[in-house]
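Participant: Below is one structure. I have some questions about it.
The values are calculated or read from the model by the stated rules, or taken from the named source; none is laboratory data. This structure is a prediction, so every number in the text was calculated from the model and none was measured. With ideal geometry, Cβ positions are generated from the backbone for all residues, glycine too; neighbour counts draw on all protein chains shown.
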Amino acid sequence: MHEFSLAGEVIRLAETEAEKNSARSVNEITIEVGDFSGVQVEAFRSALEILSEKSRLSKASLNIIRKKGKGICPDCKQEFEMEERIDTCPVCGAFPSEISGGYEFRVVSLLVDKD
């Protein structure tokens, strides 16, 4: 389950940033997760809870922003949202030539407590 390794990396990143800013705790963390990223959100949430118990993130609230997939149609050049990787263009029915979104997994923000 790669969600545990991702949670470990998020904790490492948050700890490093908290240290740089002389913060004693992280109160809130916001993460973007694309629908095509392969990350199971609930498994990631559980892994983060377990691994952060003795870290500066132990009481942090986790905000997850889901990002839809986006395809670009090779025929009519429309960009469209995709629920599944096999979705077709809603305008002309062509399969996307490129999937331009939905693979994200990134820390967007950290809210820390310096006191």
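Participant: When the range 1-34 is examined, which residues are found to be among the acidic types (Asp, Glu) and not in a strand (DSSP E or B)?
Facilitator: Once the filter is applied, which keeps residues that are among the acidic types (Asp, Glu) and not in a strand (DSSP E or B), the range 1-34 yields Glu3, Glu9, Glu15, Glu17, Glu19.
Participant: Tally time: how many residues in the range 1-42 are surrounded by 15 or more Cβ atoms within 10 Å (Cβ to Cβ), β-branched (Val, Ile, Thr) and farther than 30 Å from Gly71 by Cα?
Facilitator: Final tally of qualifying residues: 2.
Participant: Considering only residues that are polar (S, T, N, Q) and under 10 Å from the mean Cα position of the chain (by Cα), which ones fall in the range 14-39?
Facilitator: Thr30, Ser37
Participant: Return yes when Cys76 is of a type in the set (A, V, I, L, M, F, W, C) and out of contact with any strand residue (DSSP E or B) (no Cβ under 8 Å at 6 or more places or on another chain) and no when it is not. Spell out how you get there, then give the answer.
Facilitator: Details: of a type in the set (A, V, I, L, M, F, W, C): yes; out of contact with any strand residue (DSSP E or B) (no Cβ under 8 Å at 6 or more places or on another chain): yes.
So Cys76 passes the test.
Participant: What number of residues in the range 35-47 are among the small types (Gly, Ala, Ser), at negative phi and assigned to a loop (DSSP other than H, G, I, E, B)?
Facilitator: Pass one, the range 35-47, residues among the small types (Gly, Ala, Ser): 37-38, 43, 46-47.
Now restrict to residues that are at negative phi: 37, 43, 46-47.
Still in the running and assigned to a loop (DSSP other than H, G, I, E, B): 37.
The total comes to 1.
Participant: For the range 70-115, what are the residues that are charged (D, E, K, R), exposed (fewer than 13 other Cβ atoms within 10 Å of the Cβ) and not in a strand (DSSP E or B)?
Facilitator: Answer for the range 70-115, where residues must be charged (D, E, K, R), exposed (fewer than 13 other Cβ atoms within 10 Å of the Cβ) and not in a strand (DSSP E or B): Asp75, Lys77, Glu83, Glu84, Lys114, Asp115.
Participant: Of everything in the range 50-67 that's exposed (fewer than 14 other Cβ atoms within 10 Å of the Cβ) and over 8 Å from the mean Cα position of the chain (by Cα), which residue is modelled with the lowest pLDDT? Give the steps one after another, and end with the answer.
Facilitator: At the first step, the residues of the range 50-67 found to be exposed (fewer than 14 other Cβ atoms within 10 Å of the Cβ) are 50, 53-54, 58-59, 61, 63, 65-66.
Of the ones still in play, those that are also over 8 Å from the mean Cα position of the chain (by Cα) are 50, 53-54, 58-59, 61, 63.
Working: Ile50: 95, Glu53: 93, Lys54: 89, Ser58: 92, Lys59: 92, Ser61: 95, Asn63: 97.
Looking at the filtered set, the residue picked out is Lys54.
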